[in-house]
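To start, the structure under review is shown below, and the notes come after it.
Nothing in this text is a laboratory measurement; each read-out follows from the coordinates by a stated rule. What you see is a predicted model, and the numbers here were worked out from it, not measured in a lab. So basically every Cβ, Gly included, is an ideal-geometry build from the backbone, and we count neighbours across all protein chains shown.
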């Protein structure tokens, strides 16, 4: 992975954010990944990744107003930046180039 | 507005510490939101467990992320510690077994202390109430600011609160009584029972496992007598009988019908397994500040905060105070979290003790950490050459730091695991002790909680950072460049004035802290090794108590009559037991032969100051029964017993005569207790002297066995110690006869802790031995670490001067002068440390009013000081002698 490349987990988090269309914060992101992959991910790992993605400039965030059902704490909503969107598209292209022309028979276990 | 329930406090605090600032609030909020949802769907316990697991996961992942970030920032990428680093670390530890053992042992003790203190304080002083919305359960009381304690005669207020208070619902009260549970074979076993209002069960929201809980109708006087039992006794006493509901059991004099069984773990209000209704006849008026001691509890009404409840209670209190008697007007009614009424009220009174304890534990930790860091640093510095080579070969600073961190982490991780094991054993020992003395409150969980494990993991990481990263950063800093520059001419590193200060501090702390610890440990060993000096195996002893079942009565005439009848019961018991076959004699006393109180007394016509003496109360057969010889005068007789209590004579022991009367004739002299107030205590005439008994037992803290005996007859007690001397049968074999006899006289006569004096004594010494072990472990590890630390520092500083020593010797300096100059410097540092330590010891002892050293402890101070001096000098002498052996040519060439 190059320095500005995307890891598999980072891709999943970015895609979840894209799916959530402006309603993305910690809880729904975890749920989205769980729902779509059928795997249960470590919540803490998602928050660490979000922090890293923001440092890389792939997502930007803003705070909501604090609410009582959250113990008076705000939500941090995130959305993809143009860099983030580009990184996702690149990752997909790379994967597609690798898949292109692959004979399904060559995946069969021998 | 409603104060919503929150996630458990402890993990929240941990989490806030573990998370970076920019993420803290967000994670806190998200977890809060999820916690509330889970709580609504799966209940509080499941939600709390989930929250703890999340805390564990977040703390570990974010801590690792943080470490990785620091290392990446130092290294630019290649610095995350790897499995290979850990393997290398383990190998390095095996290479220097001395350092590993000493450092590891010290760290294990340090971790055990810190994690143990953490587990203890949290479960005892900041517990979570394991009940539904436990944080909304409160206790109501009246605090007496003059006497600094709770006033518990709350019956009058309780009735008013029941009528008027709106902000607290399910208001209830309980008191604990002890009664005999009478078995079918007629033997009695004392049990603790909560006399509780039915609202107590509503408050907990715990449904019964079988049958029903208490209901309001049970509280009416004249209602059938019913009892609800707990899961544990259902299993142990009734073999888990499914058809238990409706069965009758005898508690004291009365038959009670079992109406329900509570589920496992239910022990509300404190640690109860039997519940009967609390009955107060509402037609009988109760004056304020009278009646039985009650604890009052309730649940904050929906949407009410504790502050609002307090405001309402205070308003009612002002109203009551205006109407009630003046001497009660200063009491402050208050609403506190439920547990506080039992725990923190006491903690407040002894807050200085707890603060001191915490300080000492923290202080010990600092000493331990400092020493281990010094040890590791001294070694790391010797590896400067190796580090320099690796740097020259292209290793980044971060790479090297991460390697050293991994090495330290192997050590601290193993130590932490050992420390946690020690904590687990310690907690279990403590739990056993609590269980043997009747069990602890239901909210205490003495096991190793997830929180404690988490805390220990953090300690291990912290330990590795202190022990590995700091020395590594220093070793790879400015000194490294110097080392690279001088590669080939040996390593060169400097220990500046900081290290001199460290040596001095090291010695000072050891000299000041160790003697009191050694003294305390020595005293405990002494206690554990003592033998009582008489055949304890021939005696059966029991603590008896006649329960005066005066139902919530404030009637003093009834109480008086009950007292008289209880005493008659005791008299009958003693007479009946004395006639049983195999019984040599019976005595009733205030305590075991080695128990009793201590107080200051003065002797008339004596010039000396008042002295502390031991005292106990015995009957006329005591000395004969234990074979205690009367040395002068006479023993107690029937004529003495005929006198009123305050005119009765006393008997003193031999040490009393030697130490307080200077060996003169004591018969006819008088003694009295010093009083703290204006009241003057009566004089008691000495009529006899007995030998010191038990001869083999000296309470080391009192340093003397001087004692005196008062007289009280069996019919004058309603609770005391009954001791029976047996011949031809063991105490254990006689115990059932004793229990049956007691039950046949009166079912309200309770016998507690019926066991041989031998077993009682063993139990006493076991506690002393365990305490001695703990103290020895702690002070031993501090001493060992201090000695190792001083040794490392000393040899290091002298080592640095080896070349200087060699050159001086090459230039023809005399061996003696060189050695003297090196040792003189070491001696100066050590002496300064000893001086400061001595001053600290004296100041600490004075501050503690002489209690800390207890006189003899001061004798240990010079010993500790000498030990530290010798260790330091030996450490300095070795390298100095090696320096002298360096060939002059070699020393000069190196220069």
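Of note:
- Rg then Dmax, both in Å and based on the Cα atoms of chain B: 34.3, 108.
- Isotropically averaged projected area of the stretch B:562-689, using the convex hull of Cα atoms (one quarter of hull area), nm²: 9.6 nm²
- Förster radius 35 Å - calculated FRET efficiency between residue B:610 and residue B:332 (Cβ-Cβ, nearest 0.05): 0.40
- Cα extents of the stretch B:89-129 along the three principal axes, largest first (Å): 50, 15, 6
- In degrees, nearest ten, helix A:43-56 long axis to first principal axis of chain A (Cα): 80 degrees
- Cα gyration tensor, the stretch A:14-73 - rounded (a/c under 1.5), prolate or oblate: oblate
- Diffusion of chain A by Stokes-Einstein, at 10 °C in a medium of 1.306 mPa s and with Rh set to the Kirkwood radius over alpha-carbon pairs, works out to 103 µm²/s.
- Three principal axis extents describe the C-alpha atoms of the stretch B:1-71; from largest down they are 45, 25, 17 Å.
- Exposure proxy for B:132, B:256, B:319: other Cβ atoms within 10 Å of each Cβ, ordered fewest to most, give B:319, B:132, B:256.
- Sorted by Cβ neighbour density within 10 Å, fewest at the top, the residues B:538, B:184: B:184, B:538
- Cα long-axis angle, helix B:351-382 against chain B (0 to 90 degrees, to the nearest 10): 20 degrees
- In units of the compact-protein estimate 2.2 N^0.38 Å, the stretch B:90-186 shows a Cα radius of gyration of 2.06.
- Applying the Kirkwood pairwise sum to the alpha-carbon positions of the protein assembly as shown produces a hydrodynamic radius of 35.0 angstrom.
- Counting, for every residue in A:72-79, the Cβ atoms of other protein chains within 10 Å of its Cβ and taking the mean gives 4.
- Square roots of five times the Cα gyration tensor eigenvalues for the stretch B:193-291, Å: 24, 15, 12
- Taking other Cβ atoms within 10 Å as a rough exposure proxy, B:22, B:607 sort from fewest to most as B:607, B:22.
- Cα-Cα separations in the stretch B:709-792 greater than 20 Å, expressed as whole percent: 61 percent
- For the stretch B:611-651, the Rg and Dmax computed from alpha carbons only, in angstrom: 11.2, 30
- Alpha-carbon Rg/Rh ratio, for the stretch A:52-110, with Rh computed the Kirkwood way: 1.33
- Using alpha-carbon coordinates, inclination of helix B:21-42 to the longest axis of chain B, degrees: 30 degrees
- Helical mean residue ellipticity (222 nm; -39500 (n - 2.57) per DSSP H run of 4+; nearest 500) of the protein assembly as shown: -17500 deg cm²/dmol
- Cβ neighbours within 10 Å from other chains - mean over B:17-28: 4
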